[in-house]
1. If contacts are Cα pairs under 8 angstrom and at least 6 residues apart, what is the relative contact order of region 343-386 in percent?
2. With a/c under 1.5 counting as rounded, go ahead and sort region 237-324 into rounded, prolate or oblate using the C-alpha gyration tensor (a ≥ b ≥ c being the square roots of the eigenvalues; past the cut-off, prolate if a/b is larger than b/c, else oblate).
3. Using the basic label-point model (7 angstrom from Cα toward the beta carbon), what is the residue 221 to residue 384 distance in nanometres?
4. Taking 7 Å along the Cα-to-C-beta vector as the label spot, tell me the residue 356-residue 303 distance in nanometres, rounded to one decimal.
5. Quote the relative contact order of region 225-378 in percent (integer), defining contacts as alpha-carbon pairs under 8 Å separated by 6+ residues.
6. How would you classify region 285-346 from its alpha-carbon gyration tensor, with a ≥ b ≥ c the square roots of the eigenvalues: rounded for a/c under 1.5, else prolate if a/b is greater than b/c, otherwise oblate?
7. Cut-off 13 Å, label point 7 angstrom out along Cα-to-Cβ of residue 406: give me the residues of region 367-394 whose amide nitrogen falls inside.
8. Just the number, please: percent antiparallel of the DSSP beta bridges in region 216-431, rounded to the nearest 5.
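Every read-out reported here was derived from the displayed coordinates using simple, explicitly stated rules and does not represent laboratory data. Source: prediction; values computed, not measured. In this analysis, Cβ positions are derived from the backbone assuming ideal geometry, glycine residues included, and neighbour counts consider all displayed protein chains.
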């Protein structure tokens, strides 16, 4: 069994938990292992029947697409002679070949919110420390993480007795040996490889601990840095009179519970306007404009210690009520950690709302390669001057459109934002 590709952008995965013990029966279509990808924690279902003969990737290990993580065969069949066997070139090439955005039916089921956090996911790029040969023609059976830790801690693998499957040396064996004084004296004066800063510096700065990023946090960090480094953005702001939206929502509460939120109305207004302004619903790629045929609006959700953006597909073709139901469903799945990569892919525009935190306005970072993102502030009652010159109380909301200047110009963004404002100030059209 090779490390599977569970999303279109996945390059490597971290084994979180094996759901079948070594020697246990494996059935096609049943959960086998939980894997953390760059987008979500996924449960991979077995694609064959048999017996789990050998586990080659321990929990917490990060491996590239196509690397061997386990062996499945007939009961009584012997496993490999060493614990780090490599996949055949043809098999590895097949597993690493890019696939569709959505995994095939039956290959992925749910994510596990209780899955343990991998401790060594930040070291996936390192090569494991070489280990001496055993007495014979085989290698010492040790997991890649155990080999790396042994090199860092100065532990001789040849002196350890493995407690893993088939006598394999695992991380716990190396840690136990290091605590028992197994570190080489020659490394005593060297700083630990895992120590990020000097102890004195840590004390001066008051740093309690250093936390490794999850794969999802790594992906968000990389994409946001890419956006700021490559997209020359500009912002335009407008205040929207939401008084009629407040009135419509009050009436909807009498008909349905829960009623669509104000953010649902914003999403629907953006979706309708995107159909009229296709360039805002596009992207800049390699000197060309890509204008998409579907309007898929992403909604930014704070969860899992990072920012997750699930997608409402074909939002322009859905009713306000359907948009609201889809949004609640996706937000719930994000917060329950059951969201799947297909539900996080395919967005053509993003809405980010911090109004619930009391924020009046803010500037959001464009979700590449999208052309723009709408940042929504809080709805607050303010005194304004009406068309008759009188001061009246109105429910106002500030929004900021951040645009990629390579594809959108000031007039493009202004016309789109004006249309969004018009739709929200006359919200009955959103219900059509």
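1. Details: 54 pairs, mean separation 18.8, N = 44.
Across region 343-386, relative contact order equals 43 percent.
2. On the way: a/c = 2.05, a/b = 1.63, b/c = 1.26.
Prolate, because a/c is 1.5 or more and a/b exceeds b/c.
3. 4.2 nm
4. Each label point lies 7 Å from its Cα, and together they span 1.0 nm.
5. Details: 230 pairs, mean separation 35.6, N = 154.
23 percent.
6. On the way: a/c = 2.74, a/b = 1.31, b/c = 2.09.
Since a/c reaches 1.5 but b/c is at least a/b, the shape of region 285-346 is classed as oblate.
7. From region 367-394, the list is 367-372.
8. Details: 31 of 38 bridges.
Beta bridges within region 216-431, antiparallel portion: roughly 80 percent.
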